[in-house]
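Peer 1: To start, I am sharing the structure in question, which I have written as structure tokens.
The values are calculated or read from the model by the stated rules, or taken from the named source; none is laboratory data. For clarity, every value in this text was computed on a predicted model and none was experimentally measured. Cβ coordinates were reconstructed from backbone atoms using ideal geometry, including for glycine residues, and neighbour counts include every protein chain displayed.
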Amino acid sequence: MSVRLIRPSAEYIGDIMAYRAEFLENGEIIHGGSMLEKYDSADDWLAHLEEFSNKCPEDFVPTDMFLALNEDNRVVGLIDCRRHIDHPIVGEWGGHIGYSVRKSERRKGYAKEMLRQALEIYRERGADKILVTCQAGNIASEKVILVNGGIFERETDDSSGHVIKRFWITL
């Protein structure tokens, strides 16, 4: 199993939309997808990412999105690295990093490796501590966080009534 993180580009439009369709068909939320589920066009989503990377609207946090590609150059995951968490929602239950792996590619170690590589990005940026969260009961995501050094801090409620577990990873 190997995975590499790259910036989204037009080259992967078909695979990005297939990724989106797989989540929507299964009724799942695309965590770390920077609102991909709201875009019927990958071109529009790529434009949205550009806006949020360079000239982020005031009520949002600037982010850097990465596609996770497997050995076959297939998009198996998305990971969103937020530049800061100085925001009431992101700072309480969103965290620095959001990620997802398509259902057909789960249980292969991709999420673990995606998070490990994202932590390297934060190290290169000079960060010393990263907040990563998951819903209580999401055992797979919790294991990914723990194996990457996550230390449980506390639980909190999000705006939709879910219990969120907060973990800090020291870099």
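Peer 1: Working carefully through the options 86, 43, 64, 59, find the one that is charged (D, E, K, R), at pLDDT below 95 and assigned to a helix (DSSP H, G or I).
Peer 2: Numbers: 86 fails: assigned to a helix (DSSP H, G or I); 64 fails: assigned to a helix (DSSP H, G or I); 59 fails: assigned to a helix (DSSP H, G or I).
Answer to the selection: 43.
Peer 1: Return only the number of the condition from (1) under 22 Å from residue 165 (Cα atoms); (2) surrounded by 12 or more Cβ atoms within 10 Å (Cβ to Cβ); (3) without any contact (Cβ under 8 Å) to a residue 40 or more places away in the chain that residue 53 does not satisfy.
Peer 2: The failed condition is (1).
Peer 1: In the list 46, 78, which residue meets the criterion of being within 29 Å of residue 168 (Cβ to Cβ), surrounded by 15 or more Cβ atoms within 10 Å (Cβ to Cβ) and of a type in the set (A, V, I, L, M)?
Peer 2: Values: 46 fails: within 29 Å of residue 168 (Cβ to Cβ).
Exactly one residue qualifies, and that residue is 78.
Peer 1: Which of the following residues is within 15 Å of residue 31 (Cβ to Cβ), surrounded by fewer than 14 Cβ atoms within 10 Å (Cβ to Cβ) and of a type in the set (A, V, I, L, M): 118, 111, 140?
Peer 2: Working: 118 fails: surrounded by fewer than 14 Cβ atoms within 10 Å (Cβ to Cβ); 111 fails: surrounded by fewer than 14 Cβ atoms within 10 Å (Cβ to Cβ).
Residue meeting the stated conditions: 140.
Peer 1: Those residues that are under 20 Å from residue 49 (Cα atoms), part of a helix (DSSP H, G or I) and in contact (Cβ under 8 Å) with a residue 40 or more places away in the chain, I need them from the stretch 16-35; list them, please.
Peer 2: Result: 16, 18, 19, 23.
Peer 1: Taking the stretch 19-43 as the search range and keeping residues that are closer than 17 Å to residue 75 by Cβ and of a type in the set (Asp, Glu), which one is surrounded by the most Cβ atoms within 10 Å (Cβ to Cβ)?
Peer 2: Of everything passing the filter in the stretch 19-43, 22 is surrounded by the most Cβ atoms within 10 Å (Cβ to Cβ).
Conditions tested, residue by residue: (1) among the hydrophobic types (A, V, I, L, M, F, W, C); (2) out of contact with any His (no Cβ under 7 Å at 6 or more places or on another chain); (3) free of Cβ contacts under 8 Å to residues at least 40 places away in the same chain; (4) not in a helix (DSSP H, G or I).
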{"residue": "98", "(1), (2), (3), (4)": "no, no, no, yes"}
{"residue": "113", "(1), (2), (3), (4)": "no, yes, no, no"}
{"residue": "131", "(1), (2), (3), (4)": "yes, no, no, yes"}
{"residue": "140", "(1), (2), (3), (4)": "yes, yes, yes, no"}
{"residue": "145", "(1), (2), (3), (4)": "yes, yes, yes, no"}
{"residue": "149", "(1), (2), (3), (4)": "no, yes, yes, yes"}
{"residue": "161", "(1), (2), (3), (4)": "no, yes, yes, yes"}
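Peer 1: Let me confirm something: among 101, 76, which residue is within 22 Å of residue 162 (Cα to Cα) and not small (Gly, Ala, Ser)?
Peer 2: Working: 76 fails: within 22 Å of residue 162 (Cα to Cα).
Answer to the check: 101.
Peer 1: So, residue 123, is that one under 18 Å from residue 66 (Cβ atoms) and under 15 Å from the mean Cα position of the chain (by Cα) or not? First the steps, then the outcome.
Peer 2: Working: under 18 Å from residue 66 (Cβ atoms): yes; under 15 Å from the mean Cα position of the chain (by Cα): no.
In short, no.
Peer 1: Give all pairs with beta carbons closer than 7 Å in which a residue from the stretch 69-95 that is over 26 Å from residue 12 (Cα atoms) and touching a residue at least 24 places away in the same chain (Cβ under 8 Å) meets a residue that is among the charged types (D, E, K, R) and surrounded by fewer than 19 Cβ atoms within 10 Å (Cβ to Cβ); count only pairs at least 6 apart in sequence or on separate chains.
Peer 2: From residues that are over 26 Å from residue 12 (Cα atoms) and touching a residue at least 24 places away in the same chain (Cβ under 8 Å), the pairs are 93/158.
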